[in-house]
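Structure record follows, encoded as structure tokens.
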Amino acid sequence: MKKTASPFQIERYKYLPQVPLSLQNPPDRISFRRGDSTESVDDQAQIKEIFPHTYGAPLIYFEKGENPRAGEAINVGVVLSGGQAPGGHNVIAGLFDALKGGNPASRLFGFLGGPEGIITGRFIEITQDYLNQYRNTGGFDIIGSGRTKLETPEQFEKALAVLKENGIGGLVIIGGDDSNTNAALLAEYSENKKAGIRIVGVPKTIDGDLKNKYIESPFGFDSATKTYAELIGNIMRDAKSAKKYWHFIRLMGRSASHIALECALQTHPNYAIISEEVQERHKTLSDIVIDISDIIMRRWNNGEAFGVVIVPEGVVEFIPEMKTLIQELSGLLAEHIKHFSTLNTFEDQSAWINKNLSRDSSYVFSSLPNNIQRQLLIDRDPHGNVQVSRIETEKMIIEMVESRINECKNEGKFKGSFHYQSHFFGYEGRCTFPSNFDANYCYSLGYNAFIMIACGLTSYISSIQKLAYPVKDWVAGAVPITMMMNLETRRGRSKPVIRKALVDLEGIPFRTFLAHRDGWADKTSYCYPGAIQYFGPPEICDRPAETLLLEAGLSR
Ligand code: FBP
């Protein structure tokens, strides 16, 4: 054991994750049932052409039965890809326990530093002693993570060579939509080359956007949102005690607002932006600023000079004029990056940008605060995404709200004051000790991943369904990755990708928020979720996220 382990960490090592009934058997006593064959969510003909060997496979459900192949010794590789999410270590624990439960001579290798570790052949063997220091803990530090994108035939060739050289017959890629897309591409490549290596994925991301009928939630969302909701609740109580600040809290989560919505449902803020609604209703930045300023002034007139506003980090990509600007900027940067990198000062960069943007976008760009302009020019990530976590949208909104309130003051329409604080919660939630929900879910996903490999599946993603119910009733299975794909334009090229799930404006979670938000705006109705509980009554310790409960018709 590491000497630096906290008393809580030591206690947490002892936690035995629960798994669904169908996984409560040794691996060689778990077999599978085929469900319906599948189609991709869109662009079926093109996706089929790109994945001729792996397209259209059936849904799979695990159940009690014989599977002697699970008892054969095998070497399996595992890699953590992308941003950290609580529970990654338990995926590896579940995978390890199932693998060794199948045959103690089987070995698990962890690729270091993300997908880069596969192509450079950097890995360690994960042993029982080594793994025991990480069970039920947060973080990805057991083997590290990285954002290298596996996409070129050269990279696939190198990856297969490393896997073959080391006798690795199965690879588990733990990642979000982009990483699981890459898992499917590598699986297709491997099938085409008849390499016989089974490649499966595990759905990870705090963002909650790797979600569909079969993946009810990616892992990490539960613990991260509970952590943010605790902090938001604490801030609410501070605001209500001091009665002097408006707190603007930006929450991580990339494009989708799942995190913001879940936290709003847990805490009842005075205002929460849901990016998908902004887009649907074509709300401009100025509409949002007017909404917030009106609530601030109304509350001040009612003697409540405080409040809490939640801002999803990705909202800039949904405000119509900002979306167009970002698309134009990304296109320009992708096409002219060589020239752009020769421009040394920000003044030169913005002059060049303004000259090349359309008239409307150039107007929008020039009207933004200087620091936001700089942040919009930051390099895109390896997948071509704008790094929204580095854009301080909450500060931009505060600045604009302040000037609107000052205008109202100058016009004699408002006599009060506006004082504020800004916060960004993101990294704080990504490596927390996984909640019991995530500890159980991740362990089950990892156990499942080995069963998938033992059943000879490739290009599948581990799926556990009925997550709003007690763990024993969860349903374990596997979903073909191609089923979740469509074509999207990335860096100017059409590519097969797993479709990201945005907040469904017709779904019960959003409709519940809608039914309450006007009341939350004017009447202070804060709800304080408190810290994640690990020991105590299951109604508190094992409670799934509000989003899952509402979707299953089990809450409010
Ligand atoms: P994944 O999509 O890889 O799970 O990333 C999640 C996330 O935390 C996003 O919410 C955030 O925008 C991004 O990672 C931040 O990236 P980085 O860790 O590279 O700063």
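At a glance:
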{"item": "Helix axis angle, 508-522 relative to the chain longest principal axis, alpha carbon, degrees", "result": "30"}
{"item": "Where the range 499-542 is the region considered: accessible area per residue in Å², 1.4 Å probe", "result": "57"}
{"item": "Helical mean residue ellipticity (222 nm; -39500 (n - 2.57) per DSSP H run of 4+; nearest 500) of the chain", "result": "-13000 deg cm²/dmol"}
{"item": "Equivalent ellipsoid, the range 1-156 (semi-axes from 5 times Cα gyration tensor eigenvalues, Å)", "result": "30, 23, 16"}
{"item": "Order by protection proxy (mean Cβ within 10 Å, highest first), peptides 22-35, 111-124, 206-219", "result": "206-219, 111-124, 22-35"}
{"item": "P(r) histogram, all alpha-carbon pairs of the range 261-369 included - 10 Å bins from 0, percent", "result": "13, 33, 28, 18, 8, 1"}
{"item": "Difference of contour (0.36 nm per residue) and Cα-Cα distance, Glu428 to Glu488", "result": "18.5 nm"}
{"item": "Rounded to 10°, Cα long-axis angle of helix 177-192 versus longest principal axis of the chain", "result": "30"}
{"item": "Degrees separating the helix 88-102 axis from the principal Cα axis of the chain, which is the longest one", "result": "10"}
{"item": "Exceeding the 29 Å Cα-Cα cut-off - candidates Lys100/Lys466; Lys149/Lys500; Lys283/Lys409; Lys64/Lys226; Lys395/Lys495", "result": "Lys64/Lys226; Lys395/Lys495"}
{"item": "Accessible area per residue in Å² at 1.4 Å probe, computed on the range 140-293", "result": "30"}
{"item": "Stokes-Einstein D in µm²/s, Kirkwood radius over Cα pairs - the range 77-140 at 37 °C with 0.692 mPa s viscosity", "result": "271"}
{"item": "Rg/Rh ratio calculated on Cα atoms of the range 73-210 (Kirkwood radius)", "result": "0.94"}
{"item": "Radius of gyration and Dmax over the Cα atoms of the chain, both given in Å", "result": "24.3, 80"}
{"item": "Peptide ranges 300-307, 226-233 listed from the most packed, as the mean C-beta count within 10 angstrom indicates", "result": "226-233, 300-307"}
{"item": "Accessible-area composition of the chain, carbon plus sulfur, in percent [1.4 Å probe]", "result": "49"}
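The values are calculated or read from the model by the stated rules, or taken from the named source; none is laboratory data. Keep in mind it's a predicted model, so treat the numbers as computed, not measured. Because the Cβ atoms are built from the backbone with ideal geometry, glycine has one as well, and the counts that use them run over all protein chains shown. With ligands, DNA and RNA removed, areas are computed over all heavy atoms of the protein, side chains included. Shrake-Rupley method; radii C 1.70, N 1.55, O 1.52, S 1.80 Å.
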